Each structure stands twice: as C-alpha cells, then as structure tokens.
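J.: The structure is given below, and queries will be raised subsequently.
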Amino acid sequence: MRILGIDYGDARVGVAVSDALGMMASGVGTIKNTGRKTLFSELEKIIGEYKPETVVIGLPKNMDGTEGFRVDETKKFADDLKKIFNGTIVFEDERLTTVGASRYLNTTNTRGKKRRAVIDTVSACLILEQYLAKKH
C-alpha cells in the first residue's frame, strides 16, 4: 500500500513515495512545472510506476491557519489530478515544511543549484512523513 506525497508549487513540484508498508517516505524527485500537460504527463508516469492507493498533497495554509489563494490553486491542482488518478486524494497541512526542509539541507550543507533542485523533494518527504505519522 504505497502513498504518494506531493509538494505542489508554481515553479516546481516535489514528489515522495512511501515504502510498501506505509511507514517511511523517500524522495522520488522534483518536476519542473512548465505547464499542466508536461506536469501531468510526468505525474502519470510516477503514478504508473508506484501505483499508490493514496496521494497526499501539501496544503499551503497561512501561518494563522486561514486559506489564501495558494490553497485555491492547490485544490484546483488536486481536481485536475483526479483525471489521471482514481485513488484517494487527501490534503496535509504543509506549514513549516519548507522551513524544515531548509534546516535539513543546512545540516547537510546543500547549497546553490543543488539545493533548489532538491528542496521541493525534501518538502514532499516531510509532508508525507507527517501524514504517515498520524496514520500510525
């Protein structure tokens, strides 16, 4: 029972996947968001490879818990995802995941272009790990 984690963004989309037992998250990669057609083509390949039962999408709430325009964009993305994925889609509060990802990358001394390339994948892992921790 695999679960896919997604950190959706205008420029990049981070993707993570759980192990078969749904206990740990691993990074799959970051997709450059150059348009819906390309993005969903890449996501369709990943979904086909890992065959998740659930997709967890980070919900970018404001720090005070309110929902802004980014939440609307993320929910639209989830609605579009339903065209290529017929499993369960859930949202996970992603407040502070980018901060957590930045701290992790600071401890691993990941800088510059390499940091930009992986921060969204690390964020997707944190979103998925947060969801998995609630399940167990």
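The values are calculated or read from the model by the stated rules, or taken from the named source; none is laboratory data. Quick caveat, the model's predicted, so the values are computed rather than measured. Positions of Cβ are generated from backbone atoms using ideal geometry, with glycine treated the same way; all protein chains shown enter the neighbour counts. These area figures cover heavy atoms from the full protein model, side chains too; ligands, DNA and RNA do not enter into them. Shrake-Rupley method; radii C 1.70, N 1.55, O 1.52, S 1.80 Å.
J.: Kindly provide the set of residues from the stretch 34-51 that are open to solvent by less than 40 Å² (accessible area, probe 1.4 Å) and modelled with pLDDT under 95, ordered by number.
T.: Correct list: Gly35 only.
J.: Now, a different point. Scan the stretch 57-73 and give yes if some residue there is β-branched (Val, Ile, Thr) and open to solvent by 20 Å² or more (accessible area, probe 1.4 Å), otherwise no.
T.: Let us first name the residues in the stretch 57-73 that are β-branched (Val, Ile, Thr), namely 57, 66, 71.
Within this subset, residues satisfying the condition of being open to solvent by 20 Å² or more (accessible area, probe 1.4 Å) are 66.
Checked the stretch 57-73: at least one residue is β-branched (Val, Ile, Thr) and open to solvent by 20 Å² or more (accessible area, probe 1.4 Å).
J.: Checking the condition more than 11 Å from Ile127 (Cα to Cα), crowded, with 21+ Cβ neighbours inside 10 Å and in contact (Cβ under 8 Å) with a residue 24 or more places away in the chain, which residue from Thr54, Thr30 passes?
T.: Working: Thr54 fails: crowded, with 21+ Cβ neighbours inside 10 Å.
Exactly one of Thr54, Thr30 is more than 11 Å from Ile127 (Cα to Cα), crowded, with 21+ Cβ neighbours inside 10 Å and in contact (Cβ under 8 Å) with a residue 24 or more places away in the chain, namely Thr30.
J.: Let me ask something else about it. Could you check the stretch 12-38 and list, in sequence order, the residues that are within 13 Å of the chain's Cα centre (by Cα) and among the hydrophobic types (A, V, I, L, M, F, W, C)?
T.: Result: Val13, Val15, Ala16, Val17, Ala25, Val28, Ile31.
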